[in-house]
1. May I ask you to verify whether GLY22 is touching a strand residue (DSSP E or B) at 6+ places or on another chain (Cβ under 9 Å) and either hydroxyl-bearing (Ser, Thr, Tyr) or in contact (Cβ under 8 Å) with a residue 12 or more places away in the chain (or both)?
2. Filter the helices (runs of 4 or more DSSP H) completely within the stretch 279-389 down to those with at least 1 residues that are at pLDDT 75 or above and within 30 Å of ALA42 (Cα to Cα).
3. When the residues of the stretch 322-354 are narrowed to those that are of a type in the set (Val, Ile, Thr) and under 27 Å from ARG163 (Cβ atoms), which ends up surrounded by the most Cβ atoms within 10 Å (Cβ to Cβ)?
4. For the stretch 67-81, state whether one or more residues are on the phi < 0 side of the Ramachandran plot, of a type in the set (Val, Ile, Thr) and at pLDDT below 90.
5. Of everything in the stretch 264-284 that's open to solvent by less than 10 Å² (accessible area, probe 1.4 Å) and of a type in the set (Gly, Ala, Ser), which residue is farthest from GLY132 (Cα to Cα)?
6. Listed residues LEU229, LEU257, LEU219, LEU235; which is closer than 30 Å to PRO167 by Cβ and not in a loop (DSSP other than H, G, I, E, B)?
7. Just checking, how many residues over the stretch 200-231 are within 14 Å of the chain's Cα centre (by Cα) and of a type in the set (Phe, Trp, Tyr)?
8. Restrict the check to the stretch 202-223 and report whether at least one residue is touching a Gly at 6+ places or on another chain (Cβ under 6 Å), under 30 Å from GLY331 (Cα atoms) and surrounded by 13 or more Cβ atoms within 10 Å (Cβ to Cβ).
Amino acid sequence: MQFWKDLSLTSVVAGFVAVLVGFTSSVVIIFQAAASLGATPAQLSSWMWALGLGMGLTSTGLSLWYRQPVLTAWSTPGAALLVTAGAGRTMEEAVGAFIVCALLIVLAGVTGAFRRVMDRIPQALAAALLAGVLVRFAFDAFLSLRTDLALVLPMLLAYLAGRRLWPRYAVPGVLAVGMGVAALQGTLHLGGIDWSPAVPVFTTPRFSWSALVGIALPLFVVTMASQNLPGVAVLRAAGYSAPVSPLIATTGLASLLLAPFGGYAFNLAAITAAICNGREAHEDPDRRYMAAVAAGVFYIVVGLLGGAVVGLIAAFPKALVLAVAGFALLGTIGSGLAVAMKDERTREAALITFVVTASGLSLFGVASAFWGVVAGALALAVQHWRPAR
């Protein structure tokens, strides 16, 4: 059977690392967003259930359908928006806004509007965007040498040795060494994970103009500009051509179905997707989709066992997560920069895209990935625009 033939240890490890990085990097923001809306402990557990299930089912389903590593995620900038925009709102109003946002995402997908925008972004700018989004993880990995040398240095040496001696298993080796060192240091606490199942809680939506303007529209904008745009760029930079419109529409439908349970907004992943579609997932690009499938399965498990999220975050030292993510993404960052700088005609515009994206610039609640593309496109237009004769 093709499924079992394509399955490999490296793809499973890549999927696990993607989920680990995804949860540990932003789940605290989810907790803050839910708290700002007055969520009860039961509702917070339901949010974890809905988000894990939504990401897991869409990642697994889309990856198996297209045989490409399509990984989805919750909207991290959307959650950050909810922390402030949700203050003073009721959970019912927020759920109504989530539903409106989901309908807008579906509309952007089925009409092909978002695909037409993506088709106009040059490959060099898309590759620079990818490198800019990911490079901060490499920075964090090496900066963690300053704060946790005894843990990160053996992981770095394991990565270098792995790339030389067993390239396919370099990242699993890094993870194994990191867990071993952390266990010896007494900083790995897997025993504290609560495996109790999560119970979904339905919240009846209530629609209001203030929530529409204050939550739904901003949530839609930041999800499309800060998440879906780099998510598509990651797929295309890795050489995959899954159709954009069905992917966007599917994430919108998942958001629509799970919004009453806490699935506020789903989108294409960028950073975690790069872990699944890089060479560390598998040397054969046609078999890397299994990494996204594995990540989807892990997402479903964590979603069903909502109480495990908090324990999983506390179990792994922060430096371990940063190091694994940063070292796993080095190859993808290098490939992105190589494509971005290849053509002299677009080199400077691509460099501007990379620098602005990597800077972390945020304006009007929209993250740097969007402004990087805007700055690069502006540079390209100024340098090469010619008036029509």
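1. Values: touching a strand residue (DSSP E or B) at 6+ places or on another chain (Cβ under 9 Å): yes; either hydroxyl-bearing (Ser, Thr, Tyr) or in contact (Cβ under 8 Å) with a residue 12 or more places away in the chain (or both): yes.
Here the answer is yes, as GLY22 does meet what is asked.
2. In the stretch 279-389, 289-304, 318-328 are the helices (runs of 4 or more DSSP H) which contain 1 or more residues that are at pLDDT 75 or above and within 30 Å of ALA42 (Cα to Cα).
3. Taking the stretch 322-354 first, the residues of a type in the set (Val, Ile, Thr) are 324, 332-333, 339, 346, 352-353.
From what is left, the residues that are under 27 Å from ARG163 (Cβ atoms) are 324, 332-333, 339.
Numbers: VAL324: 29, THR332: 25, ILE333: 20, VAL339: 18.
Ranking the qualifying residues of the stretch 322-354, first place goes to VAL324.
4. Taking the stretch 67-81 and keeping what is on the phi < 0 side of the Ramachandran plot, we get 68-81.
Checking the rest, the ones that are also of a type in the set (Val, Ile, Thr) come to 70, 72, 76.
Keeping just the survivors that are at pLDDT below 90 gives 76.
Yes, some residue in the stretch 67-81 is on the phi < 0 side of the Ramachandran plot, of a type in the set (Val, Ile, Thr) and at pLDDT below 90.
5. Within the stretch 264-284, the match that is farthest from GLY132 (Cα to Cα) is ALA265.
6. Values: LEU229 fails: closer than 30 Å to PRO167 by Cβ; LEU257 fails: closer than 30 Å to PRO167 by Cβ; LEU219 fails: closer than 30 Å to PRO167 by Cβ.
That would be LEU235, the only listed residue that is closer than 30 Å to PRO167 by Cβ and not in a loop (DSSP other than H, G, I, E, B).
7. The qualifying residues number 0.
8. Yes, some residue in the stretch 202-223 is touching a Gly at 6+ places or on another chain (Cβ under 6 Å), under 30 Å from GLY331 (Cα atoms) and surrounded by 13 or more Cβ atoms within 10 Å (Cβ to Cβ).
The values are calculated or read from the model by the stated rules, or taken from the named source; none is laboratory data. The structure displayed is predicted, hence computed values, not measured ones. No Cβ is skipped: glycine too gets one built from the backbone with ideal geometry, and neighbour counts run over all protein chains shown. We work out accessible area using only protein heavy atoms, side chains counted, and drop any ligands, DNA or RNA first. Shrake-Rupley method; radii C 1.70, N 1.55, O 1.52, S 1.80 Å.
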